[in-house]
Structures are given as C-alpha cells and as structure tokens.
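Student: Structure incoming, see below.
Please treat every number below as a calculation from the coordinates, not as lab data. Quantities reported herein were computed from a predicted structural model and do not represent experimental measurements. In this analysis, Cβ positions are derived from the backbone assuming ideal geometry, glycine residues included, and neighbour counts consider all displayed protein chains.
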Amino acid sequence: MRRQELVLGVDVGTSSAKGVLATPDGRVVARAESPHAISRPRPGWAEHNPERVWWGSFLDVCHQLLRCTGGPDVAAVCCSGLGPCLLPVDGEFRPLRPAILYGIDTRATREIAELTDGLGRAAILARCGSLLSTQAVGPKLVWLRRNEPAVWQRTRGLLMAHSFLVARLTGEYVLDHHSASQCDPLYDLEEQRWAEDWADEVAPGLPLPRLVWPADIVGQVTPAAEAATGIRAGTPVAAGTIDAWAEASSAGVRRPGDLMIMYGTTTFLIEVVAEASPDERLWLCNGVEPGTRTMAAGTATSGALTAWLRDLLETQSYEELFAEAAKLSAGAGGLVVLPYFAGERTPVFDPDARGLILGLTLSHHVGHVYRSLLEATAYAIRHNLEVMADAGGQPRRVFAVGGGTRGSLWPQIVSDVTGERQEIPRETIGACYGDALCAAVATGLCAADSEWNAPEMTIEPNPALESAYSDLYGIYRSLYPATVEQMHALARIQDGNGISRETEHEVVGTATSRERGWSHRDVRHVRPRPQVKDHP
C-alpha cells in the first residue's frame, strides 16, 4: 500500500476531537483523540472557542496521527463536526465571536417564536421539513443581529465546525446540503437550495456559502495550512458534514430503510427514507448522498442518566452497577422512569419536561434504579421509532453505534423493548471513521457502496419479553401527559431557585468534568463522554 493512499478523517465533537488514518479498504492504521471543553458564559448559552477548540483540536489530532505513522502524505482529508452551529466570520474567515452551538444553546427562544409567527408554522414545516427549535440556525442569526449589532455589521459568512476547518484548509466558503437543510428556515428542502426570500428576511445581506455535497472535493490544502497541520499542500479536501450523519455513514447507513441508533450521552436516531412527510415531532433533512432524505430524532439524555447515578454513588463503579442491573429481570422490579432529566427533544420538544421515577418501594436497590434508567432510554427509542413510522419510516436494517454498544445489556434491552434486531459494526470509533470513508469515496479510492464496516455482532430481541415490556411501555407513555402540568410547575420553581433548564442542559452538552471554558467562567459538567460511552 502506497503511503499516499491513506485517507484522513477528523471529527470535532462537543467534548473532544477524534481522528483516524485509514486505508481505502477501511483498515484503521492510526487513531487519535484530543479533549476540549464547552463554555457556558450565561444560562442557556453553549459555546466553543473556534480557534482553540475547533482549529486547535484539529491540529492536535493531525499532529498525533502524522507523528505516530511517521508523517505520511495522505490522499484526501474530510472533516465532520457538531452541529448545526453558528460561527459568524469576517471576509477572511476570522471568527468574530465564540461559536453558538446546536440545540443545547437555548438563547434564541424569543426569536423562534417570532419567526414562527411571522413565517407561519405550517409554511415552515412544509418548506423546511422541520419546525423551528433551539436546533435551528435562523433564530440564532436573528438573535445575533438584535443583541450584537457590532458583530453583525462585520459578519460576512456563516460557518459550522466542519466548514470552518474546510475554510482554514482550503480558503473555500462552502456548506454541504445536509448541514444547510438544518439551517431552518434558510433552506428550501424541496427545491434543494437556499430559500433566498426567507434568508433575506432572517439575515439580510449575509452571503451564504456555496452548496455542495459531503463527498464533493471542494479545494486543496494550502501552503499555509500545510505549515500548520503537516498535511501536504495540494491534498484534496472533501466538504464533510455534521457528525451524527458522518457516524451513520461509518456504519453503512445509506439505503432507504437503513436506520442508526447512536448510544452515547444522548441517543440519536437517523433513518434513510425514500419518501417521508414532514412531521412536527421529528427533523426531516437531506441525507449525505445526493437525492437522499433522512428522518432524525434525538433524546436529551440517555447515557447521561447513568452518569448522573454514578456521580451520586461515588463508592460504586460502572462495572458494579452494570453487574447488579444485569442480574435483574426485565422491568426493573416494576420501576418506570421518564428520562426527561434535561427536558426532552423529540418527539415532545419540551425543555421544561422533568424526570420521574415511578414505583419505588423499600425493596428496590440501586441495581433496580440503574436498570430502570436503561429501560427508560429504550422506551424513548421505541416512542421515537413509532413517530418515525407514522411519518413514513420503514426500518429494514438497524445499526447500533456508539460507546454504549460495548456492553451487551443496553442494546439487548433496546431490542427487547422495540422488537428490533440490531447490527453492531466492527469499528465503533464514530464520525471520524465515516469522514475517512467520505474522503476515500470523494477521491475514487473506494466505491460509495463499499462495505467498509461489516457487522461484528447481532442483537436479537427476546420474544418472551414482548408482553411484559409492552405493558410497561404503556405506563411510560401515559406518564408525560398525566404529569406535564406538574413538571412545568416544578420547572418554574426550579428556575426561581437557580436550578434552571439551562443548568440541566449541561448534561446534554458534555465535556470533561469541571473544566474552564472560552469565557474563563468555571462550569460544571457530567463525567467525561468516554466514561459514559464505555459503560451503559
């Protein structure tokens, strides 16, 4: 294998950047990771310093990879990143403020309501595929115009983590169609282009990036970028995309009916669909390949719940908790949990939802609680799968990815609750592996339908548990409508006591514990993501 046939993939996530060098047939020859922190300078804000976090972590990963392999030339580069985010830059791609992160940043709730009223709820759903939420970029642009006019006056571009890296590497101002389709309400999903009339209303005068697809080669590494990264000038660079979709690609999710369940601090689901109707309970957006669509759903917590319990029980390890839960039968001794400890994303979209543990008796011990938290995530997945089916989803093949798949108990519970068979691929390193595949496809080193990451394990549902879990799931589904008024009342009380939804949202935006962010304000986070993902 010639050294120049290695492909480089780097993903910049919420709490770390990860990278791989791989051969065109998918063999990983080197991997690296660089942790970083999230900043929360005010309640409801979630930010990254793009120079230190995005570019700095990218450089660290590149230097690690090139050093451990003797500094080879690579055939192509592709990056992914957390998103959708908003980084305003000037005409030279210099950041004008910290990057405003994806749905965990809730500063633009007023702007969400105003745009929804002004453009029309039904019109937004029909044109964009999703309603406006904290995930949307458009309301955050309006917030920027209103609250930081000096920054807005200098803004000449809109970048996300991966497109910022592309701009630094190549000097090109581009954004892939998938990421653009999450810039609601700036993008017309049916027309596959910027919605220029709404874009002029939301962000008047802002030049929008050239639209491309993730596997398009958009430029080459410049001499300046070579000096910073060690990647040879002239190396092709693919556009890349948002990290969850890159991770889905890494597992082979590319045909209609393919569905990914990502087990991590939160749970994320992506299904490739041939046809689907916009549904206000989900996100509908472009896929990674031209002409494809994906439905997406995401919870606000999952592995974060077990991290919360482990933090409370400092004397017990994940291994001990796992062993206690594994000995128990399905149903956790009659406990049912609503996992809304940080509000909830799909399908209820309620930041004021709150967690609930129902059925506790003096006979229950910590193993019951641990197992009930895992089962709660499974009920949330089943709820989202049912909503996806209502919108036209028909999963034929389910792929499980993420650190939570390394232990068999969690995915087994999900299969038992949902009735879905799950395939776990050989490589679970995540989005950076999908980036490497994208780089190989972009340069013709492998076919788009290449089987890079064959399944290594299959989880089959246990039909004997179907009835018991269906009864418990029915109880689960009844709890939110029965308690939503009380949840919201408690949320108001918590806000008054300084325990706000924004504080709780720190569970969603995980970073290394007790680190200092961009604003030099001390912030507290849950345990580091690798610990959450290694142990369900």
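Student: Just going by the charge dipole of the chain, with Lys and Arg at +1 and Asp and Glu at -1 on Cβ, which of Ala391, Gln192, Thr306 is farthest out on the positive end?
Tutor: The Cα lying farthest towards the positive end belongs to Thr306.
Student: Another question, then. Report the semi-axes of the equivalent ellipsoid for region 33-81 in whole Å, largest first, where each axis is √(5λ) for an eigenvalue λ of the Cα gyration tensor. Could the numbers behind the result be given before it?
Tutor: Numbers: eigenvalues 167, 24, 10 Å².
Rounded to whole Å, the semi-axes are 29, 11, 7.
Student: Let me ask something else about it. Region 408-456 to region 42-99: how many Å between their Cα centroids?
Tutor: Their Cα centres are 24 Å away from one another.
Student: So for His162, His368, His177, fewest C-beta neighbours within 10 Å to most, what's the order? Each step should come with its number before you reach the end.
Tutor: On the way: His162 33, His368 22, His177 25.
Placing the least packed residue first, the sequence is His368, His177, His162.
Student: Grab the beta carbon distance between Arg67 and Ala323, set R0 = 41 Å, and tell me the FRET efficiency rounded to 0.05. Write out the running numbers ahead of the final one.
Tutor: Values: r = 39 Å, r/R0 = 0.96.
With a Förster radius of 41 Å, E is 0.55.
Student: Return the long-range amide H neighbours of Ala300 (sequence gap of 5 or more, or a different chain), with a cut-off of under 5 Å between placed amide H atoms.
Tutor: Arg345
Student: Whole-Hz ³J(HN,Hα) for each residue in region 162-175, computed from phi via Karplus 6.51 cos²θ - 1.76 cosθ + 1.60 with θ = phi - 60°, x for glycine and proline: what do you get?
Tutor: 6, 6, 5, 5, 4, 4, 5, 7, 10, x, 9, 9, 9, 8
Student: Still on this model: Unpartnered cysteines of the chain (Cβ-Cβ under 4.7 Å counts as a partner)?
Tutor: Cysteines of the chain left without a disulfide-compatible partner: Cys62, Cys68, Cys79, Cys85, Cys128, Cys183, Cys285, Cys432, Cys446.
Student: Still on this structure, please answer the following. Using the alpha carbon gyration tensor of the chain, what are the three equivalent-ellipsoid semi-axes (square root of 5 times each eigenvalue), largest first, in whole Å?
Tutor: Details: eigenvalues 236, 149, 101 Å².
Value: 34, 27, 22 Å, ordered largest first.
Student: Based on the Cβ-Cβ distance of Asp390 and Asp471, what FRET efficiency does E = 1/(1 + (r/R0)^6) give at R0 = 25 Å, to the nearest 0.05? Don't skip to the end; give the middle numbers.
Tutor: Working: r = 22 Å, r/R0 = 0.88.
Efficiency, rounded to the nearest 0.05: 0.70.
Student: Tell me what the chain gives for mean residue ellipticity at 222 nm when only DSSP H runs of n ≥ 4 count, each as -39,500 (n - 2.57), the sum divided by the residue total, rounded to 500 deg cm²/dmol. Mind dumping the intermediate values first?
Tutor: Details: 18 runs with 191 residues, N = 536.
Value at 222 nm, helices only, nearest 500: -10500 deg cm²/dmol.
Student: Oh, and also: Under the rule of at least 5 residues apart or a separate chain, name every residue whose amide H is placed under 5 Å from the amide H of Arg193.
Tutor: For Arg193, whose amide H was placed from the backbone, the distant partners under 5 Å are Asp188.
Student: Related question: Report Rg/Rh for region 1-128, rounded to two decimals, where Rg is the Cα radius of gyration and Rh the Kirkwood radius.
Tutor: Working: Rg = 18.8 Å, Rh = 17.0 Å.
When Rh is taken as the Kirkwood radius, the ratio is 1.11.
Student: Still on this model: What do you get for Rg/Rh of region 369-450 when both radii come from the Cα atoms and Rh is the Kirkwood radius?
Tutor: Numbers: Rg = 15.7 Å, Rh = 14.7 Å.
Answer for region 369-450: 1.07.
Student: In the chain, if the dipole is taken from +1 on Lys/Arg beta carbons and -1 on Asp/Glu beta carbons about the Cα centre, which of Met260, Ser130, His488 is farthest to the positive end?
Tutor: Projecting each Cα onto the dipole axis, the largest value belongs to His488.
Student: Using square roots of five times the C-alpha gyration tensor eigenvalues, list the equivalent-ellipsoid semi-axes of region 244-307 in whole Å, biggest first.
Tutor: Details: eigenvalues 97, 40, 12 Å².
Whole-Å semi-axes of the equivalent ellipsoid: 22, 14, 8.
Student: Let me have the relative contact order for the chain, percent, based on Cα pairs under 8 Å that are six or more residues apart. Don't skip to the answer; put the middle values down first.
Tutor: Details: 1277 pairs, mean separation 97.2, N = 536.
This gives 18 percent for the chain.
Student: With +1 on each Lys and Arg Cβ and -1 on each Asp and Glu Cβ, how big is the dipole of region 83-168 about its Cα centre, in debye rounded to the nearest 20? Numbers along the way, then the final one.
Tutor: Working: 12 positive and 7 negative charges, 21 e Å.
That gives a dipole near 100 debye.
Student: Of the peptides 462-474, 291-303, how do they stack up when ordered by the mean number of other Cβ atoms within 10 Å, highest first? Intermediate values should be presented prior to the final figure.
Tutor: On the way: 462-474: 14.4, 291-303: 24.5.
Put in order of decreasing packing, that is 291-303, 462-474.
Student: Provide the gained length on full extension for the span Arg110 to Val366, in nm with one decimal, where the gain is 0.36 nm per separating residue minus the Cα-Cα distance.
Tutor: Values: separation 256, 0.36 × 256 = 92.16 nm, distance 4.10 nm.
Going from the current span to full extension adds 88.1 nm.
Student: Calculate, for Gln486 and Asp25, the FRET efficiency according to 1/(1 + (r/R0)^6) with r their C-beta to C-beta distance and R0 51 Å; round to the nearest 0.05.
Tutor: Values: r = 56 Å, r/R0 = 1.09.
Step by step, r from the Cβ atoms, then E = 0.35.
Student: Let me ask something else about it. Give the separation of the Cα centroids, region 470-495 to region 279-337, in Å.
Tutor: Rounded to whole Å, the Cα centres lie 18 Å apart.
Student: Label-point separation (nm) for Glu280 and Glu456, each offset 7 Å from Cα along Cα-to-Cβ?
Tutor: Once both label points are built, they end up 4.4 nm from each other.
Student: Counting other beta carbons within 10 Å of each Cβ, put Ile242, Ile357, Ile475, Ile459 in order, fewest first. Walk me through the intermediate numbers first.
Tutor: On the way: Ile242 28, Ile357 17, Ile475 13, Ile459 21.
Result, fewest neighbours first: Ile475, Ile357, Ile459, Ile242.
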